[in-house]
1. Of the cross-linked pairs LYS180/LYS219; LYS156/LYS188; LYS115/LYS156; LYS154/LYS203, which ones have a Cα-Cα span greater than 21 Å in the structure shown?
2. Count the net charge of all other residues whose Cβ sits under 15 Å from the Cβ of ALA150, scoring Lys and Arg as +1 and Asp and Glu as -1.
3. At R0 = 22 Å, how high is the FRET efficiency between ASP84 and SER24 if r is their beta carbon distance? Nearest 0.05 is fine.
4. Based on a Kirkwood Rh over C-alpha pairs, give the Stokes-Einstein translational diffusion coefficient of the chain at 10 °C and viscosity 1.306 mPa s in µm²/s.
5. Hey, fewest Cβ within 10 Å first, where do PHE9, PHE169 land in order?
6. Run the quick spin-label model on PHE107 and ARG141: label points 7 Å from Cα toward the beta carbon, then report their separation in nm to one decimal.
7. With only alpha-carbon pairs counted, each pair once and no self-pairs, how large is the Kirkwood hydrodynamic radius of the range 125-220 in angstroms?
8. Could you work out the Rg to Rh ratio of the range 1-52, with Rh taken as the Kirkwood radius (inverse of the mean 1/r over all Cα pairs)?
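FYI, it's all coordinate maths here, none of it is from the lab. Everything quoted here is computed from the prediction, not taken from an experiment. Cβ placement follows ideal geometry from the backbone for every residue including glycine, while neighbour counts extend to all protein chains displayed.
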Amino acid sequence: MNPKVLIEFGCGVGNSLIPLLQISKDLHCIGFDCSSRAISLFEERWNKILANLENDEKNSKICPFNCLKDSDKPCTRFRGFVFDIVHSDIPTYICPESFADFGLLIFVLSAIHPKHHQDVITRCSKSLKSGATLLFRDYGRYDMAQLRFAKSSKSKITDNFYVRYDGTFAYYFTIEEIEKLFVNAGFKVISNHYCLREVVNRKTQVTMQRVWIQAKFTKI
């Protein structure tokens, strides 16, 4: 049986993928991020974990990446790349079309200008097999952070779209917007709902009302 492949679109420093790699010894993961620093830190963390594993845990007996002949990456269970999905399709040396069984898109889309949202979701879809599952989480409309932005006219770019002091973007979605984006890219909605959380800052004891969207899709 061939091992399963999971791709994370915007993997950061590996906070999602590393626990999954540790739990599932047969899972192979692809991660990319626009930040070279993030990928470097991810690979550093993963290599430290690998150093403490037995040889048979480092690599599965069947490597799904053997077909990627144009890549200089070694055949381990994680492959990380620096790549910005906003500007072009995912290169085949990172992930061929219809290759991955699972996808993660976690707090990434909100950091991208809304004019690119549909293109990004379509590019994500191309890398997944028919029947593959994609898990999504991002900021929902009227999250506490959005209400703070609303108090400053300098932060607002357009409705529900803001720029932070460091130049990064933040967009706040409705579940209807998310459904439309994914359906247009060839996905079927399995679940799509708001996730309301009350978070307490331990240092300041300030209670924060967070609004996230959590969704699950299947590629048709």
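1. From the list (LYS180/LYS219; LYS156/LYS188; LYS115/LYS156; LYS154/LYS203), the Cα-Cα distance tops 21 Å for LYS156/LYS188; LYS154/LYS203.
2. Working: positive: ARG141, ARG148, LYS151, LYS154, LYS156, ARG164; negative: ASP143, ASP159.
Overall, the nearby charge balance is +4.
3. Given R0 = 22 Å and the Cβ-Cβ separation, E is 0.20.
4. Numbers: Rh = 18.6 Å.
The Stokes-Einstein estimate is 86 µm²/s.
5. So the ranking, lowest neighbour count to highest, is PHE169, PHE9.
6. 2.3
7. 14.9 Å is the Kirkwood radius here.
8. 0.97
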